[in-house]
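Single-structure report; data block below.
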């Protein structure tokens, strides 16, 4: 099952409306759906993708979500409609959590992300032996 770019954009808009307004404080760049895929360069090509990222830069704070990454993962793993929606919602919630933690000067999710990345890298290293 595959969603189009426009369908994903519409789903994300609906999902974003479910979050309290406080989550969007100082998210002045908003939530942007990008067409491209963002493969993780630490892993074999086409196996692991960045679904989204929270960005703070000279333009402000915004979230990028990568349609191409969702689509590639959906094709690799034969996602159902339910899996698509779960992945979209989970990624949106994850990136909004990064934003809220940034506002609170906290970094718990960053630490958890690093632990999960190290565990995944270890898993790939063991498979390659």
For this session: With respect to residue 62, determine if the residue is at pLDDT 95 or above and not in a helix (DSSP H, G or I).
Result: yes
For this session: Could you tell me whether any residue of region 23-44 is at pLDDT below 95, more than 17 Å from the chain's Cα centre (by Cα) and not in a loop (DSSP other than H, G, I, E, B)?
Result: no
Seminar exercise, completed: Considering region 25-44, residues that are in contact (Cβ under 8 Å) with a residue 40 or more places away in the chain and more than 15 Å from residue 88 (Cα to Cα), and then whichever is surrounded by the most Cβ atoms within 10 Å (Cβ to Cβ), we arrive at 27
Exercise. Could you say whether any residue in region 7-15 is part of a loop (DSSP other than H, G, I, E, B) and in contact with a helix residue (DSSP H, G or I) (Cβ under 8 Å, 6 or more places away or on another chain)?
Worked result: no
Problem set entry | Count of region 67-102 residues which are farther than 21 Å from residue 19 by Cα and surrounded by fewer than 17 Cβ atoms within 10 Å (Cβ to Cβ) | 7
Seminar exercise, completed: Matching residues in region 45-59 (assigned to a loop (DSSP other than H, G, I, E, B) and either more than 18 Å from residue 94 (Cβ to Cβ) or at pLDDT 95 or above (or both)) number 6
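The values are calculated or read from the model by the stated rules, or taken from the named source; none is laboratory data. A quick note: this is a predicted structure, and the numbers were derived from the prediction, not measured. Glycine also receives a Cβ, built like all others from the backbone with ideal geometry; neighbour counts cover every protein chain displayed.
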